[in-house]
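**Student:** Below you'll find the structure I mean.
What follows is calculated from the coordinates using simple rules that are stated; it is not laboratory data. On a predicted model such as this, the values are computed, not experimentally measured, just so you know. Cβ placement follows ideal geometry from the backbone for every residue including glycine, while neighbour counts extend to all protein chains displayed.
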Amino acid sequence: MAERTAQGRTYSELGGTGGWRHPVKMSVSITKEPDGIEPPPEWRDAYVPVLLDYDISSKSWSMVATFYYCETWYALGRPIPPYIEYQSTRGSPWKRVPLEERFVGRETNLLTGPRTDGEPDLVTIADKEFRQRSAGWKYQRILRKWGREERNYCDLK
């Protein structure tokens, strides 16, 4: 079981949707040991975690993250694909590494948009999948490159 947190300022639009305004910190922790595998340390950063993976041969965890805001992408040097990867081996702290090719094209497996009005105690897989269908493409799958809309949006700012 995974536990997610998001801390930051939120906003709401009159009669419309709301969202996150420059989150300060997001985290993911594995609260139940998966089948005898040592869980990874808690992951915390200002990016949006989208995929958590365990490689049995190297006994290492990987976290792939992206971002909500163009400014964050600029600060990272405008990476393409628009993701960063962290690894943890046998309980070591997370370390940033180049994005591995094996993740490109994979579907994401983490809920990427925690609700600003609070989450229920348990978000089921069905709930997560329903909510992910309305998320942007870069939150649903690890893309090799951005679509025109996202690229133009950040390049025009």
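**Student:** Just subtract the alpha-carbon distance of Lys32 and Arg141 from 0.36 nm times their residue separation and send over the number in nm, one decimal.
**Tutor:** 36.7 nm
**Student:** If packing is taken as the average number of other Cβ atoms within 10 Å across a peptide's residues, how do 38-47, 101-110 rank, most packed first?
**Tutor:** 38-47, 101-110
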